[in-house]
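See below for the structure under consideration.
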Amino acid sequence: MAGPPPLVLGIETSCDDTACAVVDGAGGVRSSVVSSQLAAHRPYGGVVPEIASREHLANWLPVSAAALEQAGVGLDGIDVVAATRGPGLVGSLLVGLSLGKAIAYALDRPFHAVHHLEGHLYSPFLGPPGEAAPAEPVPERFTGLVVSGGHTNLFAVAGGAVETLAETRDDAMGESFDKVGKRLGLPYPQGPKVDALAEHGVAERCPFAVPKVRAERRPDRVDDGRQSLDFSYSGLKSQTLLAIERLERSGVPTRPDPAADAAGEPPFSQGVLDLIAGFREAAVGQLLDRLERLRREHRLARGETLAVSGGAAANRLLRRRLTAWAAAHGIDLRLVPLAYSGDNAAMIAHAALLRERRGERDDPLAAEAASRIPI
Ligand code: KG4
Ligand code: ZN
């Protein structure tokens, strides 16, 4: 039979979400189920690796059963199996990867051990959720920006080959949102909450600088010899934490007011909200600064595609700024649908489908999980 195989099962367990999806041969999402472990980790203010692994084991059966049922297919109707191989928490990765290997081996189906960032990278081409609309064709060449809790990366993609243009030297963008939110006593995951609160602040009243990063003159990095395109978020995070401390010392409450929260109002004073807005402005400003440099250096030209993905690509200010910037410069912007910005298995199945089309496959007996791996 000619053409791509009809159904791909995707499995993603790299961090704290247990996810399973069925994607068809046209990249249409037949089902995408994500079981969040928020309740299990919330008492600790962040992800506890040991708890995450155990939760994945407990969640797998109901999550996979729901994904198969929604897609209207049994396990034996699956043609290709894909699971995330890393990067991520090794104990968590092992659960999903072992399941994927076992299913592929038992059913004698092709297997793909997918890089988590490759999943994010191509996710902006997935169709809107709930319609099983075919994925959009992936251009031969495009620039990818992945912003998540663990990564802030710029990639140049050409025919399936991925080159890293820039990465963070320290914290990831999502991570800096989480840490600032944690300092303000917000529950995990803090990123979306910080973003929502920033909508109530005036960034200009509390400005933070966008950092420049010195070039390392690494042969595998494209830079102008003086200034790198790399990102850095730890300086901004520290400055924000210091500013919170200064407010605190001047008698301003920096913990959320439960009464205001219960009444549906922002649980902080205007000073804190302005500070949060200033932080977000600089965090997003840094991404736009690097993109604008790419454009000025003619490495991202009018008509070319920029695909933006990852959990922090849900950021409202980032989405507004990118949309305006891309429109002003004729960049073909592909923003990941919100349903697929955070970790999910549809993106893993989709990346596997693209690998399958390129004739790439993995041996289910040999694939190994790894916490840190280059793309
Ligand atoms: O891609 P993802 O689900 O997991 C990783 O691969 O890391 O990204 C999760 C990250 C978290 O740090 C979360 O706080 C952040 O994305 N995030 C946001 C927003 N929504 C999620 N950061 C900023 N603004 C948001 N709206
Ligand atoms: Zn991710």
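R0 = 25 Å: FRET efficiency of Ala328 with Glu204, Cβ-based, nearest 0.05?
Working: r = 21 Å, r/R0 = 0.84.
Calculated value: 0.75.
Scan the chain and note any complete DSSP helix (H) whose C-alpha atoms cover at least 30 Å along its axis and whose Kyte-Doolittle average is 1.6 or more. Mind dumping the intermediate values first?
Numbers: long enough: 49-71 (31 Å, 0.00); 270-296 (37 Å, -0.03).
Span-like helices in the chain: none at all.
Take the alpha carbon gyration tensor of segment 130-235, find the square roots of its eigenvalues, order them as a ≥ b ≥ c, and report rounded if a/c is under 1.5; if not, report prolate when a/b exceeds b/c, else oblate. Write down the numbers at each step before the final one.
Numbers: a/c = 2.36, a/b = 1.23, b/c = 1.92.
Note, shape of segment 130-235 comes out oblate.
Hey, with R₀ at 35 Å, roughly what FRET efficiency would Arg42 and His298 work out to, going by the Cβ-Cβ distance, to 0.05?
On the way: r = 47 Å, r/R0 = 1.34.
Given R0 = 35 Å and the Cβ-Cβ separation, E is 0.15.
Can you pull the Kirkwood radius for segment 149-304, inverse mean 1/r over Cα pairs, to one decimal in Å? Could you put the intermediate results ahead of the total?
Working: mean 1/r = 0.0591 Å⁻¹.
Every distinct Cα pair counted, the radius reaches 16.9 Å.
How big is Rg to Rh over the chain, alpha-carbon atoms, Rh as the Kirkwood inverse-mean-distance radius? Intermediate values should be presented prior to the final figure.
Working: Rg = 21.0 Å, Rh = 21.4 Å.
Rounded to two decimals, Rg/Rh equals 0.98.
Which listed residue (Ala301, Pro258, Ser269) has the Cα farthest towards the positive end of the charge dipole for segment 256-331, taking +1 on Lys and Arg C-beta and -1 on Asp and Glu C-beta about the Cα centre?
Checked the options; the winner is Ala301.
Reachable aspartates and glutamates from Lys193, Cα under 14 Å, same-chain residues fewer than 8 places away excluded?
Glu175, Asp178, Asp261, Glu265
So for the chain: antiparallel DSSP bridges make up what percent, rounded to the nearest 5?
Numbers: 28 of 46 bridges.
The antiparallel fraction comes to roughly 60 percent.
Rounded to whole Å, give me the distance from the Cα center of segment 20-56 to that of segment 239-300.
When both Cα centres are located, 28 Å separates them.
Could you tell me which residue out of Ala314, Ala19, Val95 lies farthest along the dipole of the chain toward its positive end? Charges go on the beta carbon: Lys and Arg +1, Asp and Glu -1, centred on the Cα centre.
Ala314
Within segment 276-375, report the trypsin sites (Lys or Arg not before Pro) that DSSP leaves as loop and that have at most 12 other Cβ atoms within 10 Å.
Values: sites: Arg280, Arg290, Arg293, Arg295, Arg296, Arg299, Arg302, Arg316, Arg319, Arg320, Arg321, Arg334, Arg355, Arg357, Arg358, Arg361, Arg372; in loops: Arg299, Arg302, Arg358, Arg361, Arg372.
Counting only loop positions with at most 12 other Cβ atoms within 10 Å, the trypsin sites (Lys or Arg not before Pro) in segment 276-375 are Arg302, Arg358, Arg372.
What are the lysines whose alpha-carbon lies under 21 Å from the alpha-carbon of Lys212, with same-chain residues fewer than 8 places away excluded?
Within reach: Lys237.
Averaging over every viewing direction, what projected area does the convex hull of the Cα atoms of segment 1-111 cover, in nm²?
Details: hull surface 27.9 nm².
Over every viewing direction, the Cα hull of segment 1-111 projects on average to 7.0 nm².
How large is the helix-only mean residue ellipticity at 222 nm for the chain, computed as the sum of -39500 (n - 2.57) over DSSP H runs with n ≥ 4, divided by its residue count, in deg cm²/dmol to the nearest 500? List each step's numbers first, then the result.
Working: 11 runs with 146 residues, N = 375.
Counting only the DSSP helices, I get -12500 deg cm²/dmol.
Since every read-out is calculated from the coordinates, none of them should be taken as a lab result. All values derive from a computational prediction rather than experimental measurement. All Cβ positions, even for glycine, are placed from backbone atoms using ideal geometry, and neighbour counts span all protein chains on display.
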